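> This is the structure I have questions about; it appears just below.
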Amino acid sequence: MKAASYLDSIQAYQPAIPIEVLAGQIGIPADQIIKADANENPYGASPKAAEALLHSIAPHLYPDPGAVALCSQLSQFTGAPADQIMVGNGADELIDIIMRLFLDPGDTLIDLPPTFAMYKLHAELTRAAVLEIPRRPDFSIDLPALLAAASRPECKLVFLTTPNNPDGTLIPKEQIKLLLDLPIMLVVDEAYIEFSGSQADFGASQSCIPWVTQVDNLIVLRTFSKWAGLAGLRVGYGVFPAWLMPILWKVKQPYNVNCAAQAAAAACLTDLPYYKTVLQQISSERERMAAAIAALPGVAVVPSQTNFLLCQFKQASVKIIAAALRQKGILVRAYDEPNCPQSLRISIMKPWQNDLILKALEDNLSTGGNV
Ligand SMILES: Cc1ncc(COP(=O)(O)O)c(C=O)c1O
């Protein structure tokens, strides 16, 4: 037997290693491992989410396919009409669905590396071509190249991640606005937008959601995995043009978001004061860590609007540093690729964990990367 041949050339996504697996490998208890490799929220979800999981779910019944109650709360949270919101099993599921909505085999996705790897993977799984327009060394987008490519008839879809993963920089809204005039579907992935700006408005001032009802070629994606601390329950959502909603229902699995996930996400939205405090703690720690890491010899830190920092190393090998930190029970994400050379992406953790990360980096650099 053989799997379909188009899969031969596709590289599987490399997910983060589960804490328990690493604990077994390195002999450090799971509760002492610092997991700074997947941009999860170290403070966890609101206590109201845990309460909802205990008392508000009926696991013997199928979940609401339209997540009506959650969409109504999301409508209040985002200002978007409830009937233009679709909830997904993580934003990942919505990325997959969007590829299938817009790409026929042979069509092209425009990808702007370095960025989230799932866009390219899902486009390839729909047998589409991927045109890469690399970001500049400061991670700004190459607008002239993008405008030219987006006018080509085979280019059907572009993903703009703002703030971007792995660097944490925002795309100026005027640039996104320019692209809206082109005959191409634009997906703005705002997975980390809640960490941007002052955080007091949960990223609203930077968001493109208000434009979704004004044009017919814009989708905005969000997730509960990062700011809301629900990565393990898998809840993302998108705001889609009205014309697309009936077609979305053809592609989406009917019961895609389970009842526990729906209840927990809805409960999070009733506890925004909790999240304001968490977001402020994360952003002040981000600034403290950015300054401290930038003071280390041979390291530059990209100014971030997210819950992670991209740290660029001039001499040391990031693979060696990441492996050394791993042995100490600290997980970070190493990048060494043409558009993101010699870099570590480090999630912002609680202050005591950040102190340990900093100490490990200092020790490592002072011993020439051999700790
Ligand atoms: C830019 C970006 N978009 C989407 C996702 C996926 O989010 P979810 O956990 O909701 O599937 C991630 C996760 O890391 C991400 O970094």
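The values are calculated or read from the model by the stated rules, or taken from the named source; none is laboratory data. Since we're looking at a predicted model, the values are computed, not measured. Methodologically, a virtual Cβ is constructed for each residue, glycine included, from the backbone with ideal geometry; neighbour enumeration extends over all protein chains shown. Accessible surface is based on the protein model in full, side chains and every heavy atom, while ligands, DNA and RNA are left aside. Shrake-Rupley method; radii C 1.70, N 1.55, O 1.52, S 1.80 Å.
> Subtract the Cα-Cα distance of E51 and L147 from 0.36 nm times their separation in residues, and report this length gain in nm to one decimal.
Values: separation 96, 0.36 × 96 = 34.56 nm, distance 4.81 nm.
Taking 0.36 nm per residue and subtracting the Cα distance, the gain is 29.7 nm.
> Find which of A129, V299, A38 sits farthest along the positive direction of the dipole of the chain, computed with +1 on the beta-carbon of Lys and Arg, -1 on that of Asp and Glu, about the Cα centre.
Value: V299.
> Set the bar at 32 Å for Cα to Cα. Now go through K252/K319; K226/K250; K48/K250; K156/K226; K226/K314 and name every pair that lies beyond it.
Numbers: K252/K319 39 Å; K226/K250 28 Å; K48/K250 34 Å; K156/K226 29 Å; K226/K314 29 Å.
Exceeds cut-off: K252/K319; K48/K250.
> Can you give the log10 of the normalised intensity I(q)/I(0) at q = 0.11, 0.14, 0.15 Å⁻¹, computed with Debye over equal Cα scatterers of the range 239-367?
Each listed q maps to, in turn, -0.57, -0.76, -0.81.
> Continuing with this model, one more query. Taking the range 48-271 as the region of interest, what is the percent of Cα-Cα pairs per 10 angstrom bin, listed from the shortest bin to the one with the maximum distance?
Using 10 Å bins, I get a P(r) of 8, 35, 37, 17, 4, 0 for the range 48-271.
> Now, a different point. With +1 assigned to the C-beta of every Lys and Arg and -1 to the C-beta of every Asp and Glu, and no other charges, what is the dipole magnitude of the chain about the Cα centre in debye, to the nearest 20?
Values: 28 positive and 35 negative charges, 72 e Å.
My answer is approximately 340 debye.
> Going by amide H atoms built from the backbone, whose H comes under 5 Å of the H on D111, apart from near neighbours?
Answer set, sorted by chain and number: L131, E132, I133.
> From Cα pairs below 8 angstrom and at least 6 apart in sequence, can you work out the relative contact order of the range 159-219, rounded to a whole percent?
33
> Across the range 296-305, in residue order, what do the Karplus-derived ³J(HN,Hα) couplings come to in whole Hz, using 6.51 cos²θ - 1.76 cosθ + 1.60 with θ = phi - 60° and x for Gly and Pro?
6, x, x, 10, 10, 10, 6, x, 10, 10
> Carbon and sulfur: what percent of the range 48-271's accessible surface (1.4 Å probe)? Don't jump to the answer; show the numbers that get you there.
On the way: 4860 of 8520 Å².
Solvent-exposed carbon and sulfur of the range 48-271 make up 57 percent of the total.
> Further question on the same structure: For E362 and S140, calculate 0.36 nm times their separation in residues minus their Cα-Cα distance, and state this gained length in nm to one decimal.
77.0 nm
> Turning to a different aspect of this structure: Using a Förster distance of 41 Å, how high is the FRET efficiency between Q280 and K250, based on the Cβ-Cβ distance and rounded to 0.05?
0.45
> Could you rank the peptides 20-28, 324-332, 229-237 by their average count of other C-beta atoms within 10 Å per residue, with the highest value first?
Going by the mean number of other Cβ atoms within 10 Å, highest first, we get 229-237, 324-332, 20-28.
> Same structure again: Which value, in Å², gives the accessible area per residue of the range 234-371 when a 1.4 Å probe is used on the protein heavy atoms? Present the calculation step by step, with values, prior to reporting the outcome.
Working: 5710 Å² over 138 residues.
For the range 234-371, the per-residue accessible area is 41 Å².
> Please give every one of the lysines within straight-line cross-link reach of K173, meaning a C-alpha to C-alpha distance under 17 Å, and leave out same-chain neighbours fewer than 8 residues apart.
The reachable lysines, counting only those whose Cα sits under 17 Å from K173, number zero.
> K276: which aspartates and glutamates have alpha carbons under 17 Å from its alpha carbon, excluding same-chain residues fewer than 8 sequence positions away?
Straight-distance partners of K276: E40, E194, D201, E285, E287.
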